[in-house]
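The values are calculated or read from the model by the stated rules, or taken from the named source; none is laboratory data. Predicted model only: the values in this text are computed from it and were never measured. All Cβ positions, glycine included, derive from the backbone under ideal geometry; neighbour counts span all protein chains shown.
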Amino acid sequence: MISPTTARRAVARATAGVLVGLVLVGLVLVGCASGVTGGTPVASPGASSGANSVRGSRGADAENLPARPEELRVDGVDPCRLLTAEQQRELGADVAPSLDVDNADDFGNHACAYSKYRGEPRYGWSIVAVAQEGATVWLREKRASDARVVRVGDFGAVEIRVGADTACSVVVDVAEGQNLDVQFTLITAGALTQDEMCAKAGQGAELAVRTLRTMR
């Protein structure tokens with residue numbers, strides 16, 4: 001039987017392939033239009049942006065998340081609206097967001113890909129609004145062995161390190177029984193460290209939460 005952690009790593013590899021495919025489609029659609037440039041630096045330890053650790057507990061001994069400042073329900077939320085054009089520029093994404101209609105999670109939720117593909121390194125974020133389960137499921141040993149509690153803005157979250165060189169996810173506890181799953185996937189192998197990937201996942205999650213607040 002494949003463990004949930006192994007399955008998550010397989011998903012990360014598949015996500016990288018999906019990001020490449022969606023990016024190529026996006027590049028065809030935008031043609032020679034000028035893309036956004038720039039982006040913010042990777043958050044350093046203690047920086048205000050991204051996911052900041054509130055404790056280093058991992059696995060079964062980490063069962064609780066900080067209290068939510070408010071409930072941000074994600075029922076019916078379009079993940080391709082969770083990063084504004086300005087936020088995409090801040091992240092350095094340079095291809096139009098694309099909904100992955102060919103793949104879904106166990107609940108039928110589809111991810112939206114936001115990608116940086118013009119110039120190296122290449123990478124992207126996939127965002128899923130999960131209305132069927134909370135973030136705390138990822139703190140159980142049977143779900144993910146390499147998970148820890150972090151904070152995204154005012155919200156508790158779970159950071160999941162997926163393999164050593166592929167991806168990092170930040171699952172935000174936005175509402176009772178619901179979460180916002182933001183995965184950063186590196187397309188250019190070896191271009192970033194695991195810490196840098198997790199910082200970028202946290203940065204994308206924080207921006208998505210800001211947008212979600214405006215949608216309520």
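Residues that are in contact with a Leu (Cβ under 6 Å, 6 or more places away or on another chain), in a strand (DSSP E or B), in contact (Cβ under 8 Å) with a residue 40 or more places away in the chain and surrounded by fewer than 24 Cβ atoms within 10 Å (Cβ to Cβ): does segment 177-195 have at least one?
no
What strands (runs of 3 or more DSSP E) completely inside segment 44-149 contain at least 2 residues that are under 17 Å from the mean Cα position of the chain (by Cα), modelled with pLDDT of 90 or more and among the hydrophobic types (A, V, I, L, M, F, W, C)?
Numbers: elements: 51-58, 95-99, 112-116, 123-130.
Fully inside segment 44-149 and qualifying: 95-99, 112-116, 123-130.
Identify, by number, the condition in (1) of a type outside the set (V, I, T); (2) touching a Ser or Thr at 6+ places or on another chain (Cβ under 6 Å); (3) without any contact (Cβ under 8 Å) to a residue 24 or more places away in the chain that L82 doesn't meet.
(3)
I'm told V172 meets every condition in (1) touching a residue at least 60 places away in the same chain (Cβ under 8 Å); (2) within 19 Å of A67 (Cβ to Cβ) except one. Can you identify the failing condition by its number?
(1)
For segment 113-122, give me each residue that is in contact with a Ser or Thr (Cβ under 7 Å, 6 or more places away or on another chain) and surrounded by 24 or more Cβ atoms within 10 Å (Cβ to Cβ).
Of segment 113-122, the ones in contact with a Ser or Thr (Cβ under 7 Å, 6 or more places away or on another chain) are 113, 120-122.
Of everything in segment 113-122, just one residue is in contact with a Ser or Thr (Cβ under 7 Å, 6 or more places away or on another chain) and surrounded by 24 or more Cβ atoms within 10 Å (Cβ to Cβ), namely A113.
Report whether or not A167 is among the small types (G, A, S), at pLDDT below 95 and touching a Ser or Thr at 6+ places or on another chain (Cβ under 8 Å). Spell out the reasoning first.
On the way: among the small types (G, A, S): yes; at pLDDT below 95: yes; touching a Ser or Thr at 6+ places or on another chain (Cβ under 8 Å): yes.
Criteria met by A167.
Since R210 meets every condition but one in (1) touching an Asp or Glu at 6+ places or on another chain (Cβ under 8 Å); (2) surrounded by fewer than 24 Cβ atoms within 10 Å (Cβ to Cβ); (3) part of a helix (DSSP H, G or I), which condition does it not meet?
Condition (1) is where R210 drops out.
Which residue, of V162, V158, V152, V170, is more than 19 Å from C80 (Cα to Cα) and either touching a Cys at 6+ places or on another chain (Cβ under 8 Å) or surrounded by fewer than 21 Cβ atoms within 10 Å (Cβ to Cβ) (or both)? If you could, list the steps in order and put the result at the bottom.
Numbers: V158 fails: either touching a Cys at 6+ places or on another chain (Cβ under 8 Å) or surrounded by fewer than 21 Cβ atoms within 10 Å (Cβ to Cβ) (or both); V152 fails: either touching a Cys at 6+ places or on another chain (Cβ under 8 Å) or surrounded by fewer than 21 Cβ atoms within 10 Å (Cβ to Cβ) (or both); V170 fails: more than 19 Å from C80 (Cα to Cα).
Matching residue, one of V162, V158, V152, V170: V162.
Scan segment 128-143 and give yes if some residue there is more than 21 Å from P79 (Cα to Cα), in contact with a Pro (Cβ under 7 Å, 6 or more places away or on another chain) and either surrounded by 23 or more Cβ atoms within 10 Å (Cβ to Cβ) or in contact (Cβ under 8 Å) with a residue 12 or more places away in the chain (or both), otherwise no.
Yes, some residue in segment 128-143 is more than 21 Å from P79 (Cα to Cα), in contact with a Pro (Cβ under 7 Å, 6 or more places away or on another chain) and either surrounded by 23 or more Cβ atoms within 10 Å (Cβ to Cβ) or in contact (Cβ under 8 Å) with a residue 12 or more places away in the chain (or both).
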